[in-house]
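Nothing in this text is a laboratory measurement; each read-out follows from the coordinates by a stated rule. Quantities reported herein were computed from a predicted structural model and do not represent experimental measurements. So basically every Cβ, Gly included, is an ideal-geometry build from the backbone, and we count neighbours across all protein chains shown.
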Amino acid sequence: MADYSAAPHFTGGTPTVRTRFAPSPTGQPHIGGLRTVVFSWLLARHGNGQFLLRVEDTDQKRTVPGAVENLLEGFRWMGITPDEGPEVGGPVGPYFQSQRLDHYAYYAGELLRTGHGYRCFCTKERLDEVRADQQARHLPTTGYDRLCRTLPPEIIDANLAGGMPFTVRLKVPLDGVTVAPDILRGEVVFQNKTLEDAILLKSDGYPTYHFANVIDDHEMGITHVLRGDDWLPSAPLHVLLYQAFGWDMPIIAQVPNVMGNDGKKLSKRHGAEPILFYRDNGYLPEAIINYLAFLGWSYDDKTDILSVDELIRAFSLERVHTAGAIFDLERLRWLNGVYIRALPLDDLLARALPYMERPAAEGGLPDTIARPLDRDLVRRVLTLDQERMKTLADAATLTPFFFEETLAYPPEWLIGKGLDAATALAGLRRAYAVLADAPAWEAAPLEERMRALADELGQKPGPLFMGVRVAVTGRKETPPLFETMLVLGRARSLARLEAALALLAAHTPSPA
Ligand code: GLU
């Protein structure tokens, strides 16, 4: 075993708050994991402490290339900056567990020396047989039968001399209880006889999750460990490890997992995606942070909108709930819309443009629309659409007709509800004349003229206006009609009305 007699510890004085996110790079964390990130980061910022990123890449077979880079990109986008981690380094690195194998080897040696751990020489085949036998006998608990726990020293020596591979296991007390403190739940009591002598170090020298996690949290001076409550079953093993080493435990909060709004485990089906998905789909990072902060935490019983600065000031573990949190994509979209409406126009313009100008295949405006877009036009369009946008990506889906040369839509759309084709055509002809005649191209007078026309025709304004709306936009849903026509301008609006008249005329049977 490597001699590693000077394990580096956190040396930055008495740490106040040091939190960490410790992902395994086996994929991208989605909402549940990100919520833990946000809590940990807010807690560190609130306490004027540090937030660390540590990559738990000890399962090399499951490591996905690019996972760490993606995560860091997501963090950068969210404005969540680790104070220590793979990118920025720090005093207690390395921050990849695969680069810390000497630490784990050293501490495994410590456990062997103090009798809290033992070498297990059992082969995989033997372990499989033990399990199969336990299952066949319907034993209530299955698991390692502790054969090697009591191996005589001469056998151990002989095995070692013969170069036999071994794992290091934790010697779990056979009776009594282990009490796992959890700041959210109080003390959780586990019967030791239900616990297994877990493997800490595998025969290839790689640690298991429990072992590496506890050692690193200790060495890195972590004061508050936040993790999903699916890790609760590991809690007693962690406690036993802290006890075996004689280390103080950090404060532990096993945060209730995030569920879908059908009460089931969160998945893509519920709209739960990795962080960059939300960036690419036009969510604002500040809305995401706000939303995630309230997934299982509350400020009071009515507030649900707080800026990042306010969250940092307000966040505390006391107000984290123990009931499961529900992820609701519609609510996130609503909140995102609130944030979009609050943006100053220049800010909205700067943020929305990339979404509009990206290729159509990535969600941008149709490729037939020339880039770069006319900034002045975009500004006027966004003034109209800001109210209706839920995501920045909506800036591309709601607005193409402002930029397109020609519109394509079915002629029937020009026929307002309750009208027949001939009446709609006659109405649209009159509308064209009234609009073409308007002395000023301004929203209020245009609307006045059109209302007067509806009266004169003895029609309701709705169906008449719908024909005009479709004519000038190609859509049935748009921002307010006359303001839209203002942005389009007189010439374009009238040209589109002319095109619509031709389309509808061709579609309308001429009176016999
Ligand atoms: N590597 C573990 C994970 O992927 C860390 C859990 C913890 O925070 O202890 O979730």
Extension gain, R375 back to D346 (0.36 nm per residue minus Cα-Cα distance, nm): 9.4 nm
Its Cα gyration tensor gives region 268-385 an equivalent ellipsoid whose semi-axes in whole Å, largest first, are 33, 17, 10
Give the value in nm², to one decimal: projected area of the alpha carbon convex hull of the chain, averaged over all directions. 33.6
Taking every DSSP bridge whose two residues both lie in the chain, the antiparallel percent to the nearest 5 is 50
Expressed in nanometres to one decimal, the distance between label points 7 Å along Cα→Cβ at A440 and L276 is 5.2
Can you give the extra length, in nm with one decimal, that the chain gains between D455 and L147 once fully stretched, where that is 0.36 nm per residue apart less the Cα-Cα distance? 101.4 nm
For K265, give me every one of the aspartates and glutamates with a C-alpha distance below 17 angstrom, ignoring sequence neighbours fewer than eight places off in its own chain. D229, D230, E273, D328
For D157 and K124, FRET efficiency with R0 = 22 Å and r from the beta-carbon atoms, rounded to 0.05? 0.40
Between D420 and H46, what is the label-to-label distance in nm when each label sits 7 Å out along the Cα-to-Cβ direction? 7.0
Residues E330 and T406, FRET efficiency given R0 of 35 Å [Cβ-Cβ distance, rounded to 0.05]: 0.50
If each residue of separation counts as 0.36 nm, what is the full-extension length gain between K264 and D102 once their alpha-carbon separation is subtracted? 54.2 nm
Mind jotting down a quarter of the surface of the convex hull over the alpha carbons of region 200-247, in square nanometres, one decimal? 3.7
Region 166-268: antiparallel bridges as % of DSSP beta bridges, rounded to 5, reads 65
If R0 is 45 Å, what FRET efficiency do you get for S298 and A491 from their C-beta distance, rounded to 0.05? 0.25
Unsatisfied cross-links (Cα-Cα over 24 Å) in the set K268/K476; K61/K124; K61/K171; K302/K390: K268/K476; K61/K171
R131 label point, 7 Å along Cα→Cβ, cut-off 13 Å on backbone N: hits in region 166-203? 199
